[in-house]
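Remarks on the structure that follows.
Just so it is clear, none of the values below were taken in a lab; they were calculated from the coordinates. Worth saying up front: this structure is predicted, and the values here are computed from it rather than measured. FYI the Cβ positions are ideal-geometry reconstructions off the backbone, even for glycines, and counts take in every protein chain you see.
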Amino acid sequence: MTHSEQNHSHVAEFVSNLHLQPRQFHKNLTLWPLARDGSSGPTSASRFMSLAEALEAGTLVLDEVSDSGDVPHVRAHNHGEEAVLVLFGEEIEGALQNRVANASFLVPAGSDVVIDVSCVERGRWSRPGGQRFRHGGHVSSAALRRVMAGRVAESRRRGLRFQADQGEVWAEVEDRLEASGTHSPSDAYADYVASRSSDMGELAKAFHPVPGQVGFVAAIGDEVVGVECVGEPDLFARCFPHLLRSYTIDAVDHAFLRSRRGEAPPPSFDAPEEFLAAVAEAPFHTGPSLGAGQDVRIEGERVAGCALADDGIVHLMAFPQRRPVAPGEGILDGETLGDAFAAELESQRLEGDDFRGEELETDGSFGQEAELEVDDQAPATGSRQRG
């Protein structure tokens, strides 16, 4: 199958069935809900449990790959009857140290899958009370995931696993702990989130899923910062609180994010329609994922991102591209990507709440938009890799 055919059947087709709903906003965060065309029917996402649900039910067990552990990998054992969706950036806490998923993965029913992760707790390598992993209650910062996605895309182009840059992840966590004045004995991202929980909670009260919603376009201040979708409304609603925290935390610390490192600003998108169109039209490549489904990497001049597809889009995250695609990084005509990864994977595969405002209607290529306003009153050394 050519890239254009795959693009039509996955990202572009999915986006073409989305309709912008009245925006919700509070302070500097705006979300445009995205509802899926009802005529497009249910997707494969209807069959999945969220990671939080599966851990709570005890049908999925997440633990280290061995007693000694391995920083970039954890083992997921699904002994339930439904596949489990692990979202890109979803944090798991406990075991030897806290981690976040380097991409979105599907763990099939009755399977063991070793998934690729990054450490977000640099200063601990111990297991109090023999604990396994539990759900962290959030998906990590969208800005952090943007950094991770770029490195994972580079790894995938080389036919490797879903490898992020652990040093970059630690640097991001350290920067946020320092900027927020958060004391964390183990340099944990979770402690940073806890320090921002009050502000995040106040901001989150302004946002709620609407009927048929499968995602949203987010803007912080005057910048469109990304789109986040889960392929089926009921599953999206269950994942929404965790995904929302990925954007509320960046909204709370937006001034810090804009001021550091002299980072080039992203391309300006005047409207969510323009941004969604760029996502649908962007070049991409696909390859095998871990567990079930296909990994999709979106790499355009103006946008980048990633998706998990399994008979349709299961999870999609995309964002403005902050740098041009370097020579040699683009998609090669006729290239089949992921073959080396597929061979490696095969060899390693394991066995056995209230709103106030008025509507302002505008025409848009993805549907009509209106506004809902909320009252503003209402280890640095190698040894530290393992603790």
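Applying the selection to the range 100-142, what residues are more than 19 Å from the chain's Cα centre (by Cα) and over 20 Å from residue 67 (Cβ atoms)? Scanning the range 100-142 gives 108, 109, 110, 111, 122, 123. Selection of the range 59-96 for residues being part of a loop (DSSP other than H, G, I, E, B) and either basic (Lys, Arg) or within 19 Å of the chain's Cα centre (by Cα) (or both) yields 72, 83, 87, 88, 89. Condition check for residue 144 on (1) in contact with a Leu (Cβ under 9 Å, 6 or more places away or on another chain); (2) over 22 Å from residue 75 (Cα atoms); (3) crowded, with 22+ Cβ neighbours inside 10 Å; (4) not acidic (Asp, Glu): one failure, at (1). Return a yes/no flag: does the range 126-134 have any residue that is more than 23 Å from residue 255 (Cβ to Cβ), part of a loop (DSSP other than H, G, I, E, B), in contact with an Asp or Glu (Cβ under 9 Å, 6 or more places away or on another chain) and of a type in the set (Gly, Ala, Ser). Scanning the range 126-134, I find no residue that is more than 23 Å from residue 255 (Cβ to Cβ), part of a loop (DSSP other than H, G, I, E, B), in contact with an Asp or Glu (Cβ under 9 Å, 6 or more places away or on another chain) and of a type in the set (Gly, Ala, Ser), so the answer is no. In the set 179, 153, only one residue is in a helix (DSSP H, G or I) and closer than 20 Å to residue 252 by Cβ; that residue is 179. Residues that are in a loop (DSSP other than H, G, I, E, B), of a type in the set (Ser, Thr, Tyr) and surrounded by fewer than 18 Cβ atoms within 10 Å (Cβ to Cβ) are absent from the range 192-203 altogether. Among the residues making up the range 233-243, a single one is crowded, with 23+ Cβ neighbours inside 10 Å and in contact with a Pro (Cβ under 8 Å, 6 or more places away or on another chain): 236.
Of the residues making up the range 98-114, those that are surrounded by 21 or more Cβ atoms within 10 Å (Cβ to Cβ) and either in contact with a helix residue (DSSP H, G or I) (Cβ under 8 Å, 6 or more places away or on another chain) or under 22 Å from residue 236 (Cα atoms) (or both) are 98, 100, 101, 102, 103, 104, 105, 106, 107.
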